[in-house]
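Notes for the one structure printed next.
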Amino acid sequence: MAWSGDPVWLADVLRGAGLPVIEHDGWRERGHGDFLDIRGVLCHHTGGGGPNDWRIVQDGRPDLPGPLAQLVLERDGTYRVIAAGVGWHAGRGSWPGWPTDNANYHTIGIEAVSRGTPPWDWTPVQLDAYKRGCAALLRRIGRGAGDCVAHREYSSEGKIDPAGMDMNAFRRDVQALLDGKGEQMAFLEEKITNYHGEQVTVGTLLHYLDKHMGLTLDQLAGAGAARGANFPGWDFLGDRTTAEALGVIGAALKIPGFRDPATDDRA
Ligand SMILES: [Zn+2]
(Lines give C-alpha, C1' and ligand atoms only; values in the text may rest on other atoms or scores of the structure.)
Protein backbone atom coordinates (compact mmCIF):
# COMPACT_ATOMS: atom_id res chain seq x y z
CA MET A 1 0.00 0.00 0.00
CA ALA A 2 1.41 3.37 -1.00
CA TRP A 3 1.70 6.01 1.68
CA SER A 4 1.49 9.80 1.46
CA GLY A 5 2.26 12.07 4.39
CA ASP A 6 4.34 11.70 7.52
CA PRO A 7 5.25 8.13 8.54
CA VAL A 8 3.65 8.35 11.97
CA TRP A 9 3.82 4.56 12.10
CA LEU A 10 7.64 4.31 12.19
CA ALA A 11 7.90 3.03 15.76
CA ASP A 12 5.01 0.59 15.41
CA VAL A 13 6.27 -0.87 12.15
CA LEU A 14 9.81 -1.40 13.46
CA ARG A 15 8.57 -2.92 16.70
CA GLY A 16 6.25 -5.10 14.67
CA ALA A 17 9.30 -6.46 12.88
CA GLY A 18 10.72 -7.51 16.24
CA LEU A 19 13.25 -4.69 16.42
CA PRO A 20 14.12 -2.75 19.58
CA VAL A 21 12.92 0.86 19.37
CA ILE A 22 13.57 4.02 21.35
CA GLU A 23 11.01 6.74 20.70
CA HIS A 24 12.51 10.19 21.22
CA ASP A 25 10.27 12.78 22.86
CA GLY A 26 8.38 14.80 20.31
CA TRP A 27 9.35 12.65 17.32
CA ARG A 28 5.88 12.83 15.82
CA GLU A 29 6.10 16.64 15.64
CA ARG A 30 9.76 16.87 14.57
CA GLY A 31 10.65 17.60 10.95
CA HIS A 32 11.05 20.20 8.22
CA GLY A 33 7.45 20.05 7.06
CA ASP A 34 5.40 17.15 5.82
CA PHE A 35 6.24 14.24 3.55
CA LEU A 36 4.74 13.86 0.12
CA ASP A 37 4.35 10.28 -1.15
CA ILE A 38 7.03 8.03 0.30
CA ARG A 39 8.88 6.06 -2.34
CA GLY A 40 11.77 4.42 -0.57
CA VAL A 41 14.43 4.25 2.10
CA LEU A 42 17.78 6.01 1.87
CA CYS A 43 20.59 4.33 3.80
CA HIS A 44 23.39 6.30 5.45
CA HIS A 45 26.15 5.97 7.99
CA THR A 46 26.69 8.63 10.61
CA GLY A 47 30.45 8.81 10.18
CA GLY A 48 30.93 9.03 13.93
CA GLY A 49 30.56 5.58 15.36
CA GLY A 50 29.76 6.47 18.96
CA PRO A 51 26.74 6.37 21.27
CA ASN A 52 25.98 10.08 20.80
CA ASP A 53 25.80 10.15 17.02
CA TRP A 54 22.02 10.50 17.28
CA ARG A 55 22.38 13.99 18.74
CA ILE A 56 23.54 15.48 15.44
CA VAL A 57 20.82 13.61 13.56
CA GLN A 58 18.21 15.07 15.89
CA ASP A 59 19.62 18.54 16.57
CA GLY A 60 21.59 19.20 13.40
CA ARG A 61 24.88 20.98 12.82
CA PRO A 62 25.74 24.68 12.73
CA ASP A 63 25.26 24.68 8.95
CA LEU A 64 22.25 22.37 8.84
CA PRO A 65 19.34 22.32 11.30
CA GLY A 66 17.99 19.01 12.55
CA PRO A 67 16.42 16.63 12.10
CA LEU A 68 18.76 15.22 9.50
CA ALA A 69 16.91 11.91 9.22
CA GLN A 70 13.94 10.06 10.70
CA LEU A 71 15.84 7.11 12.16
CA VAL A 72 19.16 6.30 13.78
CA LEU A 73 20.28 2.67 13.91
CA GLU A 74 22.58 1.97 16.83
CA ARG A 75 25.39 -0.58 16.76
CA ASP A 76 23.36 -2.91 19.02
CA GLY A 77 20.52 -3.00 16.49
CA THR A 78 18.26 -0.52 18.32
CA TYR A 79 16.35 2.01 16.24
CA ARG A 80 15.99 5.55 17.56
CA VAL A 81 12.87 7.18 16.16
CA ILE A 82 13.88 10.82 15.77
CA ALA A 83 11.31 12.42 13.50
CA ALA A 84 8.12 11.73 11.55
CA GLY A 85 8.56 14.82 9.38
CA VAL A 86 11.00 15.56 6.61
CA GLY A 87 14.74 15.40 7.35
CA TRP A 88 17.70 16.91 5.54
CA HIS A 89 19.65 13.83 4.53
CA ALA A 90 19.43 13.21 0.79
CA GLY A 91 21.07 16.19 -0.86
CA ARG A 92 21.26 16.23 -4.62
CA GLY A 93 21.01 13.05 -6.61
CA SER A 94 18.74 10.70 -8.48
CA TRP A 95 17.31 7.21 -8.51
CA PRO A 96 14.85 5.60 -10.90
CA GLY A 97 11.30 6.42 -9.81
CA TRP A 98 12.37 9.15 -7.39
CA PRO A 99 12.19 12.90 -8.14
CA THR A 100 15.67 14.20 -8.91
CA ASP A 101 17.25 16.38 -6.23
CA ASN A 102 14.14 16.13 -4.07
CA ALA A 103 14.37 12.84 -2.19
CA ASN A 104 13.95 14.35 1.27
CA TYR A 105 10.22 14.66 0.77
CA HIS A 106 9.93 11.12 -0.59
CA THR A 107 12.32 8.90 1.35
CA ILE A 108 12.82 7.77 4.91
CA GLY A 109 16.42 8.29 5.99
CA ILE A 110 18.21 5.83 8.23
CA GLU A 111 21.48 7.02 9.76
CA ALA A 112 23.29 3.91 10.94
CA VAL A 113 26.00 4.47 13.53
CA SER A 114 29.37 3.69 11.98
CA ARG A 115 32.79 5.26 11.76
CA GLY A 116 32.59 4.80 8.01
CA THR A 117 36.26 3.91 7.54
CA PRO A 118 38.01 0.54 7.39
CA PRO A 119 38.21 -1.72 9.23
CA TRP A 120 34.41 -1.68 9.03
CA ASP A 121 32.75 -1.49 12.42
CA TRP A 122 29.30 -2.78 11.46
CA THR A 123 28.06 -5.33 13.96
CA PRO A 124 26.14 -8.43 12.82
CA VAL A 125 23.08 -7.47 14.88
CA GLN A 126 23.17 -3.99 13.39
CA LEU A 127 23.37 -5.24 9.80
CA ASP A 128 20.55 -7.68 10.48
CA ALA A 129 18.44 -4.90 11.98
CA TYR A 130 19.30 -2.64 9.03
CA LYS A 131 17.86 -5.17 6.58
CA ARG A 132 14.85 -6.04 8.72
CA GLY A 133 14.09 -2.38 9.31
CA CYS A 134 14.31 -1.56 5.61
CA ALA A 135 12.09 -4.51 4.74
CA ALA A 136 9.47 -3.51 7.31
CA LEU A 137 9.40 0.10 6.07
CA LEU A 138 9.26 -0.92 2.41
CA ARG A 139 6.43 -3.33 3.11
CA ARG A 140 4.53 -0.56 4.88
CA ILE A 141 4.87 1.81 1.90
CA GLY A 142 4.23 -0.90 -0.67
CA ARG A 143 7.67 -0.84 -2.27
CA GLY A 144 10.25 -3.50 -3.11
CA ALA A 145 13.93 -3.82 -2.25
CA GLY A 146 14.83 -1.82 -5.37
CA ASP A 147 13.76 1.30 -3.45
CA CYS A 148 16.22 0.60 -0.66
CA VAL A 149 19.16 2.73 -1.75
CA ALA A 150 22.57 3.74 -0.45
CA HIS A 151 23.22 7.46 -0.21
CA ARG A 152 26.34 6.87 -2.32
CA GLU A 153 24.19 5.30 -5.06
CA TYR A 154 21.72 8.17 -5.07
CA SER A 155 24.06 11.10 -4.55
CA SER A 156 25.52 13.27 -7.26
CA GLU A 157 27.61 14.98 -4.58
CA GLY A 158 30.18 12.24 -4.00
CA LYS A 159 28.72 10.65 -0.88
CA ILE A 160 30.32 7.35 0.18
CA ASP A 161 27.84 6.11 2.75
CA PRO A 162 27.00 3.62 3.98
CA ALA A 163 30.60 2.49 3.47
CA GLY A 164 31.62 -1.14 3.59
CA MET A 165 28.22 -2.51 2.63
CA ASP A 166 27.48 -4.44 -0.58
CA MET A 167 24.14 -2.90 -1.50
CA ASN A 168 23.22 -5.54 -4.10
CA ALA A 169 23.63 -8.27 -1.50
CA PHE A 170 21.82 -6.03 0.99
CA ARG A 171 18.87 -5.64 -1.37
CA ARG A 172 18.77 -9.39 -2.06
CA ASP A 173 18.46 -10.02 1.68
CA VAL A 174 15.84 -7.28 2.05
CA GLN A 175 13.82 -8.76 -0.82
CA ALA A 176 14.05 -12.20 0.76
CA LEU A 177 12.58 -10.70 3.92
CA LEU A 178 9.85 -9.02 1.89
CA ASP A 179 9.13 -12.34 0.21
CA GLY A 180 8.56 -13.87 3.61
CA LYS A 181 11.73 -15.95 3.66
CA GLY A 182 12.95 -14.33 6.82
CA GLU A 183 10.92 -11.78 8.64
CA GLN A 184 7.65 -13.65 8.70
CA MET A 185 9.39 -16.60 10.33
CA ALA A 186 11.38 -14.51 12.80
CA PHE A 187 8.76 -15.14 15.48
CA LEU A 188 9.93 -18.76 15.54
CA GLU A 189 13.06 -17.57 17.34
CA GLU A 190 11.14 -15.70 20.05
CA LYS A 191 11.50 -17.14 23.55
CA ILE A 192 8.44 -18.04 25.56
CA THR A 193 7.80 -20.00 28.75
CA ASN A 194 6.38 -23.47 28.21
CA TYR A 195 4.10 -25.61 30.41
CA HIS A 196 7.07 -26.78 32.45
CA GLY A 197 8.28 -23.25 33.11
CA GLU A 198 11.22 -23.59 30.71
CA GLN A 199 12.32 -20.95 28.23
CA VAL A 200 11.90 -22.35 24.73
CA THR A 201 11.58 -20.82 21.29
CA VAL A 202 8.22 -20.62 19.58
CA GLY A 203 9.65 -22.92 16.92
CA THR A 204 10.49 -25.59 19.52
CA LEU A 205 7.05 -25.26 21.06
CA LEU A 206 5.35 -25.63 17.68
CA HIS A 207 7.45 -28.72 16.96
CA TYR A 208 6.30 -30.43 20.15
CA LEU A 209 2.72 -29.22 19.74
CA ASP A 210 2.64 -30.76 16.28
CA LYS A 211 4.23 -34.00 17.46
CA HIS A 212 1.98 -34.49 20.47
CA MET A 213 -1.18 -33.36 18.70
CA GLY A 214 -0.33 -35.91 16.04
CA LEU A 215 0.19 -38.71 18.55
CA THR A 216 -3.06 -37.84 20.30
CA LEU A 217 -4.96 -37.75 17.03
CA ASP A 218 -3.53 -41.15 16.11
CA GLN A 219 -4.72 -42.63 19.42
CA LEU A 220 -8.24 -41.31 18.88
CA ALA A 221 -8.67 -41.93 15.17
CA GLY A 222 -6.19 -44.59 14.10
CA ALA A 223 -2.56 -44.81 13.06
CA GLY A 224 -1.75 -42.27 10.37
CA ALA A 225 -4.65 -39.96 11.19
CA ALA A 226 -2.12 -37.30 12.04
CA ARG A 227 -0.57 -37.66 8.57
CA GLY A 228 -3.86 -36.91 6.87
CA ALA A 229 -5.11 -40.50 6.46
CA ASN A 230 -8.48 -39.22 7.66
CA PHE A 231 -9.67 -41.34 10.59
CA PRO A 232 -8.61 -44.81 9.42
CA GLY A 233 -9.44 -46.53 12.73
CA TRP A 234 -7.42 -49.24 14.49
CA ASP A 235 -7.39 -52.77 13.12
CA PHE A 236 -7.53 -54.20 16.67
CA LEU A 237 -10.76 -52.20 17.17
CA GLY A 238 -12.25 -53.58 13.96
CA ASP A 239 -10.94 -50.61 11.99
CA ARG A 240 -12.87 -48.36 14.33
CA THR A 241 -11.71 -45.13 15.85
CA THR A 242 -11.68 -44.88 19.63
CA ALA A 243 -15.05 -43.12 19.62
CA GLU A 244 -16.62 -45.69 17.30
CA ALA A 245 -15.27 -48.54 19.44
CA LEU A 246 -16.74 -46.93 22.55
CA GLY A 247 -20.15 -46.82 20.86
CA VAL A 248 -19.95 -50.51 19.97
CA ILE A 249 -18.91 -51.51 23.50
CA GLY A 250 -21.58 -49.38 25.12
CA ALA A 251 -24.25 -50.79 22.81
CA ALA A 252 -23.18 -54.38 23.62
CA LEU A 253 -23.38 -53.56 27.33
CA LYS A 254 -26.80 -52.01 26.73
CA ILE A 255 -25.75 -48.73 28.27
CA PRO A 256 -28.56 -46.28 27.51
CA GLY A 257 -27.66 -43.89 24.69
CA PHE A 258 -24.75 -45.94 23.33
CA ARG A 259 -25.03 -47.41 19.87
CA ASP A 260 -22.86 -49.03 17.19
CA PRO A 261 -22.53 -46.37 14.49
CA ALA A 262 -22.05 -49.06 11.80
CA THR A 263 -25.43 -50.72 12.51
CA ASP A 264 -27.31 -47.59 13.27
CA ASP A 265 -30.99 -48.36 12.61
CA ARG A 266 -32.12 -44.82 13.31
CA ALA A 267 -30.95 -43.67 9.88
ZN1 LIG B 1 24.36 10.05 3.89
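Ligands, DNA and RNA left out, the accessible area of the stretch 191-263 computed with a 1.4 Å probe is 61% carbon and sulfur. Grab the chain and count how many Lys pairs have their alpha-carbon atoms under 29 Å apart, sequence gap of 8 or more, or different chains. Taking the chain as the scope, the lysine pair count is 6. With loop membership from DSSP and a limit of 12 other Cβ atoms within 10 Å, the longest segment of the chain without trypsin sites (Lys or Arg not before Pro) is 1-180. Taking the 1.4 Å solvent-accessible surface of the stretch 98-155 as the whole, the part contributed by carbon and sulfur is 53%. For the chain, the share of DSSP beta bridges that are antiparallel, to the nearest 5, is 40%.
From the Cα gyration tensor of the stretch 31-182, with a ≥ b ≥ c the square roots of its eigenvalues, which class applies: rounded if a/c is under 1.5, or else prolate if a/b is larger than b/c, or else oblate? Walk me through the numbers on the way to the answer.
Values: a/c = 1.39, a/b = 1.06, b/c = 1.31.
It comes out rounded by the Cα gyration axes.
Eigen-decomposition of the gyration tensor built on the alpha-carbon atoms of the chain gives equivalent ellipsoid semi-axes of 58, 19, 17 angstrom, largest listed first.
Here the calculated FRET efficiency for Arg15 and Asn230, from their Cβ-Cβ distance with R0 = 30 Å, stands at 0.10, rounded to the nearest 0.05.
With r defined as the distance between the Cβ atoms of Leu209 and Asp25 and R0 fixed at 45 Å, what FRET efficiency is calculated, to the nearest 0.05? Write down the numbers at each step before the final one.
On the way: r = 42 Å, r/R0 = 0.94.
Calculated value: 0.60.
With only Lys, Arg, Asp and Glu charged, each at its Cβ (+1 for the first two, -1 for the last two), find how big the charge dipole of the chain is about the Cα centre; round to the nearest 20 debye.
Around 140 debye, computed over the chain.
Counting only protein chain heavy atoms and rolling a 1.4 Å probe, the accessible areas of Met213, Met165 rank, largest first, as Met213, Met165.
Excluding the site residues themselves, the longest part of the chain lacking any GluC sites (Glu not before Pro) in a DSSP loop with at most 14 other Cβ atoms within 10 Å is 1-156. Computed from Cα atoms, the angle from the helix 124-141 axis to the main principal axis of the chain rounds to 80 degrees. Here's the picture: charge each Lys and Arg Cβ at +1 and each Asp and Glu Cβ at -1 in the chain, and of Gln219, His32, Thr123 the one pushed furthest to the positive end of that dipole is His32. Measuring nothing but protein heavy atoms, the accessible surface of the stretch 1-84 at 1.4 Å probe radius is 50 percent carbon and sulfur.
Taking every DSSP helix (H) stretch of at least 4 residues in the chain, weighting each as -39,500 (n - 2.57) and dividing the sum by the residue count yields a mean residue ellipticity at 222 nm of -9000 deg cm²/dmol. Summed over the residues of the chain and divided among them, the accessible surface reaches 53 Å² per residue at a probe radius of 1.4 Å. Placing dummy labels 7 Å off each Cα toward the beta-carbon, the span from Asp37 to Ile249 is 6.9 nm. Loop-located chymotrypsin sites (Phe, Trp or Tyr not before Pro) across the stretch 129-229 with a Cβ neighbour count of 15 or fewer within 10 Å are Tyr195, with loop assigned by DSSP. Amide H to amide H, with H built 1.01 Å from N, Gly60 comes under 5 Å of Gly66, Leu68, counting only residues 5 or more places away or on other chains.
Our summary gives the chain a relative contact order of 16 percent, counting only alpha carbon pairs under 8 angstrom and 6 or more residues apart. Taking the DSSP beta bridges with both ends in the stretch 1-145, the antiparallel portion is around 35 percent.
The values are calculated or read from the model by the stated rules, or taken from the named source; none is laboratory data. In this text, all values refer to a predicted model and were calculated from it rather than measured experimentally. Note that each Cβ is placed from the backbone with ideal geometry, even for glycine, and that neighbours are counted across all protein chains shown. Areas reflect the complete protein model, heavy atoms only, side chains present, ligands, DNA and RNA absent. Shrake-Rupley method; radii C 1.70, N 1.55, O 1.52, S 1.80 Å.
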